[in-house]
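Shown next, in structure tokens, is the structure this report addresses.
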Amino acid sequence: MTVARTICLGFLALITLGSLLLFLPIATADGTWNNPIVALFTSTSAVCVTGLAVVDTGEYFSFWGQLFILLLIQVGGLGYMMTTTFLILLLGRKFDLRQKFAIQESFDRPFLQGSTNLVRSIIATTAIFEITGIFLLLRTFVVEYGWSDGLWLSIFHSISAWNNAGFSLFSDSLVGYQDSWAINLIISSLVIFGGIGYQVIVEMYLWFLNFAQRKRKRFCFSLNFKVVTSTTILLLIVGTIAFFFTELQNPDTLQTLPFKAKFLSAWFQSMTTRTAGFNTIDLGEMTAAGLFITMGLMFIGASPSGTGGGIKTTTFRILYDSTRSVLRGKNQVVIYQREVPSTLILKAIAVVFGSAATIVVATILISWFDAGFYFIQILFEVISAFATVGLSVGITADISTLSKLILVFVMYAGRVSILIFIAAIIGDSRPSTVQYPEENLLVG
């Protein structure tokens, strides 16, 4: 079995197991057997760390149902192969070459060495950030809901935020905390660090050690670190400014809020498009401009080896710099004085084309089955599903069963990566040794 098929089948197995658990009477608040479509959709959304929901998670599911969802989010955020490998290490066994290849494919690593240490560092990083998030959130939730409910709310939202899942136990997500500095900053930090990628976090840690020890040797950041951090910061700033001005005169979102809440809401909306899925304003009342900005940022998404989705910030940056090179008449794509290999440029093009094709086809099908909704609403839901964001304009629960199944497929394809999904279908590709003559054609 190929690595791509192992990853895809692993996620399918998790979704199936989650659906069975959420179908049980103990998973629902009223103690009855769950609706199969609700169970499947919720399980897929949790495993794919999306956050789209067809029911109110906090009201519809019992404590056990919420716990099942949280476990699915945790396993889905880490990834099937990462979780399996960690369990093997806990049992004191060594994993074989196929599992090493799967980890290499999942995290897009150029080498196999150090896979064991990689798994341990990722698990440790996840635990540190999630536990820190829990303790920080306790100060707010315990005061309002007491120790029992406050602790559970802190655990659930910390894990959901770190894994960029967007599931919330509040009916209005985090709208009730739109003017809270604590909630906005804690959730934002968890989302950003969870989506920025483990490699970037490790480099930050190594730089800090180098700085603390006052070593004379200058620490050199990788190209991946420079591209991810600079692109992420730029998107966060541009998004905040764009949302602030496009929604400033909208009485249903920012207009009636005090300046503090305006700023925090604009920031949070920009941050949550990093595939977080939480919201502090009613997305269904946003302006058309605000919705299109959200869709664009959702499509870009988070960064490689993180818990978020989308085409990734590195893909966006490669295509942006490729376009700039063409406009300047250059034959090379150079980022931070490093030339980008042509294979990466081709991969970036394939990711964008495959992602766009999936979104277009899914949007057409849902528009066909549910003609009563506006096109922008359907397109928004599809992009949110594919980029595993979880933001919604409020139509997810109202679309037909066929449309919900389409969104299930879209979430799955977006989570495993469109290229891995296609590779799982067509099998291993063999490099060709045949070289063909070149010939020009008209473009543009």
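May I ask you to list the chymotrypsin sites (Phe, Trp or Tyr not before Pro) in the stretch 303-345 that are in a DSSP loop and have at most 16 other Cβ atoms within 10 Å of their Cβ? Before the final figure, lay out each step's value.
Values: sites: 316, 320, 336; in loops: 336.
Those satisfying the criteria are 336.
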So, relative contact order of the stretch 201-321 in percent, Cα under 8 Å, 6 or more apart, is 23 percent
Modelled FRET efficiency - R0 30 Å, residue 222 with residue 438, Cβ distances, 0.05 increments:
0.35
Taking 7 Å along the Cα-to-C-beta vector as the label spot, tell me the residue 142-residue 212 distance in nanometres, rounded to one decimal.
2.6 nm
Range of Cα positions in the stretch 136-195 per principal axis (Å), largest first
31, 22, 22
Just to be sure I understand the model, the point goes 7 Å from the Cα along the line to the Cβ. What's the resulting residue 347 to residue 234 distance in nm?
2.1 nm
With a ≥ b ≥ c the root eigenvalues of the C-alpha gyration tensor of the stretch 172-217, is it rounded (a/c under 1.5), prolate (a/b larger than b/c) or oblate?
oblate
Of 346, 236, 405, which is the most mobile in a GNM of the chain whose springs link Cα atoms less than 10 angstrom apart?
346
Would you mind checking which residues have amide H under 5 Å from residue 61's amide H? H placed 1.01 Å from N; only 5 or more apart, or other chain.
29
For the chain, what is the mean residue ellipticity at 222 nm derived from helices alone (per DSSP H run of n ≥ 4: -39500 (n - 2.57); sum divided by total residues; nearest 500 deg cm²/dmol)?
-21500 deg cm²/dmol
Computed D for the stretch 265-416, Stokes-Einstein, Kirkwood radius over alpha-carbon pairs, 10 °C, 1.306 mPa s, to the nearest µm² per second, is 97 µm²/s
What's the ranking of 56-65, 416-425, 252-261 by average number of surrounding C-beta atoms within 10 Å, highest first?
416-425, 56-65, 252-261
Percent RCO, i.e. relative contact order, over the stretch 267-410, from Cα pairs under 8 Å lying at least 6 residues apart
29 percent
Is the shape of the stretch 290-339 rounded, prolate or oblate, going by the alpha carbon gyration tensor and its root eigenvalues a ≥ b ≥ c, with a/c under 1.5 for rounded and a/b larger than b/c for prolate?
oblate
Return the Rg/Rh value of the stretch 329-431, two decimal places, where both radii are evaluated on C-alpha atoms and Rh is the Kirkwood radius.
1.10
Once both label points are put 7 Å beyond Cα along the C-beta direction, the residue 185-residue 20 separation in nm becomes 4.6 nm
Please report, largest first and rounded to whole Å, the three semi-axes of the ellipsoid equivalent to the stretch 158-267, where each semi-axis is the square root of five times an eigenvalue of the C-alpha gyration tensor.
33, 17, 12
Rounded to whole Å and ordered largest first, report the semi-axes of the equivalent ellipsoid of the chain derived from its Cα gyration tensor (root of 5λ).
32, 26, 26
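Bear in mind that the values in this text are calculations on the coordinates, not laboratory data. The shown structure was predicted, so the numbers you read here are calculated from the model rather than taken from an experiment. Cβ coordinates were reconstructed from backbone atoms using ideal geometry, including for glycine residues, and neighbour counts include every protein chain displayed.
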